[in-house]
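Have a look at the structure below, then the notes.
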């Protein structure tokens, strides 16, 4: 599912014509609905694990979880730690249909990824949003990961393939589960759409928040077993203290 044309126009109008900061309501002097002062105050992710982006005290380290059991995905790119006010923006976007919040965060994530690619990192061949089950999609009315991937695709000129990954099972919501239960909850929860060929491709999963990484791990393993060359994860925020390994 993608953002409908009339709603896309509403989001664009809010972000690019009525330029007041979505956080402090002051007029902005940039193309984004975020003033410079508020942008500087966002909980930017600094030094972090080179594999799963877990916040760490020094640059260039790999966390103990990833050293002990390397995840299937190659690397995580996230601009922020999951803290105020980014957490409030994500919750508003994800659960309350405040799509301009998501569009703003996607624009900033896109800028961060452009810088990432400009320093020599390889861009993926395709963006793959983390799928929702049909039942969950009907309840919510939209998939926030698909909307993020769609906006990133336009910003980065990387194709988005929203129908390649399926979630045939309606599993329990991950937020309420600990790390061990999250892994069990996701066993065989995902599948590739019939006829999809990923052999030799570099793919990037798109999601809103990485917590334990159980969802990303399950999807990355699925794609690698199907022949993908590499799987990365692009998300808005990384939780600072997961309750288990990614």
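The values are calculated or read from the model by the stated rules, or taken from the named source; none is laboratory data. Here the structure is a predicted model, which means the values were calculated and not measured. Here the Cβ is made from the backbone with ideal geometry for all residues, glycine too, and neighbour counts use every protein chain on show.
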#### Entry: Whichever residue in the range 212-226 is in contact with a strand residue (DSSP E or B) (Cβ under 8 Å, 6 or more places away or on another chain) and surrounded by fewer than 23 Cβ atoms within 10 Å (Cβ to Cβ) and, among such residues, is nearest to residue 71 (Cα to Cα)
220
### Query
Does any residue of the range 56-71 turn out to be more than 20 Å from residue 232 (Cα to Cα), touching a helix residue (DSSP H, G or I) at 6+ places or on another chain (Cβ under 9 Å) and in a loop (DSSP other than H, G, I, E, B)?
no
### Query
Within the range 21-39, is even one residue in a loop (DSSP other than H, G, I, E, B), at pLDDT below 80 and under 29 Å from residue 141 (Cβ atoms)?
no
### Message
Quick check on residue 100: is it buried (at least 17 other Cβ atoms within 10 Å of the Cβ), within 28 Å of residue 23 (Cβ to Cβ), at pLDDT below 95 and in contact with a helix residue (DSSP H, G or I) (Cβ under 7 Å, 6 or more places away or on another chain)?
### Response
yes
### Per-region count, the range 130-162, residues under 21 Å from residue 91 (Cβ atoms), under 15 Å from the mean Cα position of the chain (by Cα) and part of a helix (DSSP H, G or I)
9
